[in-house]
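Colleague: Provided herewith is a single structure, encoded as structure tokens, for subsequent inquiry.
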Amino acid sequence: MSAAPRTARGEKTRRRLLEAAEHVFAAHGYHEASVSRITERAGVGQGTFYLYFDTKLDVFNELVEDLNHRVRQAMSEGSRGATSRIEAERAGFAAFFRFTAEHPALYRVVREAELVSPEALRLHYSRIVEGYIDGLRDAAEEGEIGDIDPTVAAWALMGVGEMIGMRWVLWGDGDAAPGDPADPTASGTREVPQHVLDEMMRFIAGALGRPALAESPTPAPPAPTPSTASATDPRPAADDPDHMEES
């Protein structure tokens, strides 16, 4: 169990260690990470690490809890002021995507927790979904959304947000052009584009029984013209003699 800092200076040092751990675990993974890498990144001695954390697993668990707190805070602040459940969903997801773009370790650390620290994984998702279920239940009772099972809806919506974030934020390459829609790494971006958020919200509003409340979608990027499609589409043209079947 980590020790609570007694001074403002101690709290600052502990925060530096957590920030360093976020970077090291995201870059190297749990098993390749080490206390020495974390302290080197934080600019402190290894002895200082043990004033605040007992083990590498201890700082990992603390990091999961810290990221969980910060992403929930970001989503809460983002959706503050929303006048309907659909507006709150949109604002909350937009805040989530911004946070994950700034802190990709959220995905990587939480996914590793499944094997490294299952209890930390359980707490991470439980703390997010508890409030989600309550919010959807309240919205259904007030007639803001349709008659749905709030538990099923909460987990389903979390899955939607997680996969959209992984394709367009975590796995994307902002320096590459968009590619095959079925390729998880071919989004060509490190942030969720507006038209993707719009389409996602159309889907969510329909699933929650309120399709009319979804905001008008931003037009999707134009489809490639025949001349550009030939340069990017790996499939052979139908009349390409080099790829025609022999009779």
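The rows are residues; the columns are (1) under 27 Å from I128 (Cα atoms); (2) exposed (fewer than 13 other Cβ atoms within 10 Å of the Cβ).
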{"position": "T7", "(1), (2)": "no, yes"}
{"position": "K12", "(1), (2)": "yes, yes"}
{"position": "L17", "(1), (2)": "yes, no"}
{"position": "F25", "(1), (2)": "yes, no"}
{"position": "H31", "(1), (2)": "yes, yes"}
{"position": "T39", "(1), (2)": "no, no"}
{"position": "G43", "(1), (2)": "no, yes"}
{"position": "Y50", "(1), (2)": "no, no"}
{"position": "L63", "(1), (2)": "yes, no"}
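Colleague: Collect the residues in the range 147-182 that are in contact (Cβ under 8 Å) with a residue 24 or more places away in the chain, under 22 Å from P211 (Cα atoms) and in a loop (DSSP other than H, G, I, E, B), keeping them in residue-number order.
Modeller: The answer is D147, I148.
Colleague: Against the condition in a helix (DSSP H, G or I) and crowded, with 18+ Cβ neighbours inside 10 Å, how does E144 come out, does it pass?
Modeller: It is false that E144 is in a helix (DSSP H, G or I) and crowded, with 18+ Cβ neighbours inside 10 Å.
Colleague: While we're looking at this one, here's another question. Test V129 against the criterion of being more than 26 Å from A207 (Cβ to Cβ) and over 12 Å from the mean Cα position of the chain (by Cα), and give yes or no.
Modeller: no
Colleague: Within the range 118-133, does at least one residue satisfy the condition of being in a loop (DSSP other than H, G, I, E, B), open to solvent by 10 Å² or more (accessible area, probe 1.4 Å) and within 27 Å of G172 (Cβ to Cβ)?
Modeller: So far as the range 118-133 goes, no, none of its residues is in a loop (DSSP other than H, G, I, E, B), open to solvent by 10 Å² or more (accessible area, probe 1.4 Å) and within 27 Å of G172 (Cβ to Cβ).
The values are calculated or read from the model by the stated rules, or taken from the named source; none is laboratory data. Keep in mind that what you see is a predicted model, and the values were worked out from it rather than measured. Note that we place each Cβ from the backbone using ideal geometry, even for glycine, and neighbour counts take in every protein chain shown. Accessible surface areas use protein heavy atoms only, side chains included; no ligands, DNA or RNA. Shrake-Rupley method; radii C 1.70, N 1.55, O 1.52, S 1.80 Å.
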